[in-house]
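The values are calculated or read from the model by the stated rules, or taken from the named source; none is laboratory data. This structure is a prediction, so every number in the text was calculated from the model and none was measured. No Cβ is skipped: glycine too gets one built from the backbone with ideal geometry, and neighbour counts run over all protein chains shown.
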Amino acid sequence: MSTPPFPPPEAIWAAGGVTRRTWEDADQFLVVHRPRYNDWSLPKGKLDAEETFIGAAVREVEEETGHRVEAGASVGTVGYRTSAGKEKVVRWWLMETSGGQFRPNAEVDEIAWVARGKAVKMLSYRNDRKVLRRADDLYRNPSSGRIYLIRHAWAGDKRRWNGDDRERGIDKRGRQQALALQIGLSLNPLTRVMSSGFTRCVETVKPTATALGLATETDRRLSVGATADDVRTLIRDLRGESAVVCTHGEIIGPLIGGLDADGVPLDGPREWPKGSVWVLETRKGRVRSGRYVPPVR
């Protein structure tokens with residue numbers, strides 16, 4: 001897969017790592033205390049000039065914690081607005097430590113190795129907690145994945161559209177839904193954004209991709225004429241990924257119906273209105289559970 005584009009230049013670009021070790025047969029995660037903010041977080045920091053995200057992630061973890069680390073799989077990218085009102089984009093990687101010694105520094109005055117449950121309680125920010133949970137899933141099983149299956153946003157009345165239906169874009173209501181999706185989805189670590197090639201699908205997820213500096217990938221298995229089996233194949237191909245996937249109602253319906261018939265636990269009404277999301281948890285490329293998130297009205 002090609003290197004994704006950078007986030008918008010006005011955003012703060014940062015990178016960090018979720019570092020784990022095994023201590024007395026228990027998994028522990030490395031969290032840091034920042035005296036400037038009096039908070040507990042995962043180690044991360046801004047990119048230097050001409051620096052890559054992964055290079056910055058390794059450097060920041062080593063500088064803040066004193067531990068030598070090696071980056072593994074991508075956990076994903078999150079985006080949010082800082083307390084100062086600036087957009088910030090952070091890419092995360094799994095990290096393994098080969099040892100080191102912590103010394104208090106200007107950024108961090110204390111570190112702690114703690115179990116997942118305690119780390120989740122200690123971390124001050126929802127974004128970090130989401131990243132830690134996703135990282136732990138990947139550590140436990142590298143095939144663990146999550147699919148945010150979206151039906152495209154509102155795109156007007158197709159009976160009033162005189163052009164090629166593939167080019168029918170989202171309307172005012174749809175743009176509001178796309179923005180709401182971008183705000184909500186960006187809080188979760190994402191690795192890919194995929195879409196039907198139809199304009200209304202691309203426009204639904206493009207704000208999310210642009211905000212995070214991810215490519216918007218189109219796939220024929222999500223376009224009109226595809227089947228639920230096509231989407232199942234795509235999900236198998238996305239094992240280990242945390243991906244946004246946008247398609248059409250006539251494809252989502254049979255997919256959710258099939259999962260229901262197969263006995264997959266599904267939390268929520270069996271519906272898929274425009275702008276809605278089914279969050280599908282996967283293992284080894286197969287859906288293990290699903291949760292419905294209603295659209296912004």
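Data for the structure
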read-out: Lone qualifier among Val231, Val193, Val202 - being touching a Leu at 6+ places or on another chain (Cβ under 7 Å) and under 30 Å from Ile12 (Cβ atoms); value: Val193
read-out: Leading residue by the ranking (modelled with the highest pLDDT) among those in the range 1-46 that are among the polar types (S, T, N, Q) and surrounded by fewer than 17 Cβ atoms within 10 Å (Cβ to Cβ); value: Asn38
read-out: Gly79 surrounded by 15 or more Cβ atoms within 10 Å (Cβ to Cβ) and over 27 Å from the mean Cα position of the chain (by Cα); value: no
read-out: Residue match in the range 171-187 (condition: buried (at least 19 other Cβ atoms within 10 Å of the Cβ), touching a Phe, Trp or Tyr at 6+ places or on another chain (Cβ under 7 Å), closer than 18 Å to Trp272 by Cβ and not hydrophobic (A, V, I, L, M, F, W, C)); value: yes
read-out: The one condition in (1) in contact with a Leu (Cβ under 7 Å, 6 or more places away or on another chain); (2) closer than 19 Å to Tyr292 by Cβ that Ala261 fails to fulfil; value: (1)
read-out: For Ala211: the one exception among (1) touching a residue at least 40 places away in the same chain (Cβ under 8 Å); (2) farther than 25 Å from Leu187 by Cβ; value: (2)
read-out: Only listed residue being farther than 12 Å from Ile150 by Cα, in contact with a strand residue (DSSP E or B) (Cβ under 6 Å, 6 or more places away or on another chain) and of a type in the set (A, V, I, L, M, F, W, C), chosen from Val279, Val264, Val245, Val224; value: Val264
read-out: Cβ-Cβ under 8 Å pairs, at least 6 apart or on other chains, the range 257-275 side in the same structural domain as Glu203 (by TED's automatic domain parsing), far side surrounded by fewer than 12 Cβ atoms within 10 Å (Cβ to Cβ) and at pLDDT below 95; value: none
read-out: Those helices (runs of 4 or more DSSP H) lying entirely in the range 82-193 with at least 3 residues touching a residue at least 24 places away in the same chain (Cβ under 8 Å) and closer than 21 Å to Gly66 by Cβ; value: 126-140
